[in-house]
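One structure is given here, and the rest of the page talks about it.
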Amino acid sequence: MLKLCITYSVLVFLALKAAHSALVETVTTSLIQGVLGNSNKSNIVFSPLLLQDGLKQLYIGAEGNTSAELENLLQYNGGYSLLSSYQGVQLPENVELNIASRLFVAKNVTVLKDYQENIKRLFNSTVEFVDFKDSAKASTIINSWVANQTRDKIPKLIEKTEASDVMMLLSAIYFKGLWAKPFDSKLTEKREFYSLDDEGKNKTIKVDTMYKRDLYRSHEIQELDARTIEIPYANTTVSMVILLPNQIDGIDLLVKNLESLHVDELLRKDVVPSKIALQLPKFKFDLSIELKPMLQELGVKELFKAANLTKITAAPVSVGSVFQKAVIEVDEKGATAAAAQVITATAVSVDTAKDFHVNRPFVFVITDFDKVYFAGRVGNPT
């Protein structure tokens, strides 16, 4: 049995904005809860929609029970769009969003013409034939493609290829935005953060924390015992939503209950912006994560054993891994280009502003009204 490897690279270089979605609510929250709940890493970032796009590309090439399992996960009932989740996204010049997909195939394997045409039409994905047995050359080709798509932020995605590899489905995303309400770096200072390490141990550390007094949408979510705040990007509907547990040690309960929540409940448009004194830690980290266990737990099993992917190739294949690598950076940047057009908020006095101090492990979501581009957890900002 030959192995198919699905690999994702994700880059988020941001200044922040937030979210809700009604398009793929249940699927998205299931994936977010699955990834965050199945990892012991204190810091996590991944792209739910990039994962969904990869699964869709497998779905249109699957038959039998393999197709049924993917259909159940994606909740495709005839109304769920098979188009790439990113098609039709229009962003202003100061926001970069680049999504690319490519299927790397062993030279001795034939990919059906109909499948090649479908992934090109639906996902703008292309096929490239490589010699996986020549690991050095194949790895260079693949890593060069990823580096180009992520503006060199992810220069090396894979270490090597295996002679048994038959296909690698790669997806990459690069996102960069400017703050709508930029943070003043002169107000950034060391503040206490109740961190969580990979072993689940808590300790208090000092981290660079940004500060901003302004008008923000924020509300309480009782089901999560948490509060949300939306921090928008300039000239776009894309935002970051911070989910902050009310309790210092409340992150596990928050993550556990995420699946029962629709994405559009994270931020309601009927919430009126209020005066808030926001303290948000700067953070930057990268993560490589294997998504196979989470997908198996969500019911996708045959794909990894004896997959029926006969609409892709006649060769007997199974999926060996579903791998995603992500980089995220959150800081004060973005003020230079956005300052002239975003200095519109009313000044807020300290004594009338509600505090929103992000000083403990939290969940973040980067989204617009329909799509969740990125999601993650920050347990240690350093």
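So which helices (runs of 4 or more DSSP H) stay within segment 236-345 end to end and still have 1 or more residues that are closer than 25 Å to VAL378 by Cα and modelled with pLDDT of 85 or more? Those helices (runs of 4 or more DSSP H) span 251-256, 292-297. If you filter segment 209-224 down to residues that are out of contact with any Phe, Trp or Tyr (no Cβ under 9 Å at 6 or more places or on another chain) and assigned to a strand (DSSP E or B), you find that the one that is surrounded by the fewest Cβ atoms within 10 Å (Cβ to Cβ) is GLU220. If you check ASP252 against the conditions, is it more than 30 Å from SER144 (Cα to Cα) and without any contact (Cβ under 8 Å) to a residue 12 or more places away in the chain? Yes. Of all residues in segment 232-252, none are over 22 Å from the mean Cα position of the chain (by Cα), surrounded by 14 or more Cβ atoms within 10 Å (Cβ to Cβ), on the phi > 0 side of the Ramachandran plot and not hydroxyl-bearing (Ser, Thr, Tyr). With respect to the conditions (1) outside the structural domain of PRO232 (by TED's automatic domain parsing); (2) touching a residue at least 60 places away in the same chain (Cβ under 8 Å); (3) in contact with a strand residue (DSSP E or B) (Cβ under 7 Å, 6 or more places away or on another chain), LEU196 falls short on a single one, namely (1). Look at segment 21-46: where a residue is assigned to a helix (DSSP H, G or I) and a partner is at pLDDT below 85 and among the hydroxyl-bearing types (Ser, Thr, Tyr), sitting 6+ places away or on another chain with Cβ atoms under 7 Å, you get THR28/SER21. For segment 135-160, filtered to residues that are in contact (Cβ under 8 Å) with a residue 12 or more places away in the chain, part of a loop (DSSP other than H, G, I, E, B) and not hydrophobic (A, V, I, L, M, F, W, C), the residue that is nearest to GLN57 (Cα to Cα) is THR150.
Taken over segment 182-205, the criterion of being closer than 30 Å to PRO273 by Cα and over 23 Å from the mean Cα position of the chain (by Cα) is satisfied by PHE183, ASP184, SER185, LYS186, LEU187, THR188, GLU189, LYS190, ARG191, GLU192, PHE193, TYR194. Is it true that some residue in segment 195-204 is crowded, with 17+ Cβ neighbours inside 10 Å and more than 30 Å from ALA147 (Cβ to Cβ)? Yes; the residues of segment 195-204 include at least one that is crowded, with 17+ Cβ neighbours inside 10 Å and more than 30 Å from ALA147 (Cβ to Cβ).
The values are calculated or read from the model by the stated rules, or taken from the named source; none is laboratory data. Given the structure is predicted, the values throughout are model-derived calculations rather than measurements. Don't worry about glycine lacking a Cβ; one is built from the backbone with ideal geometry, like all the others, and counts go over all protein chains shown.
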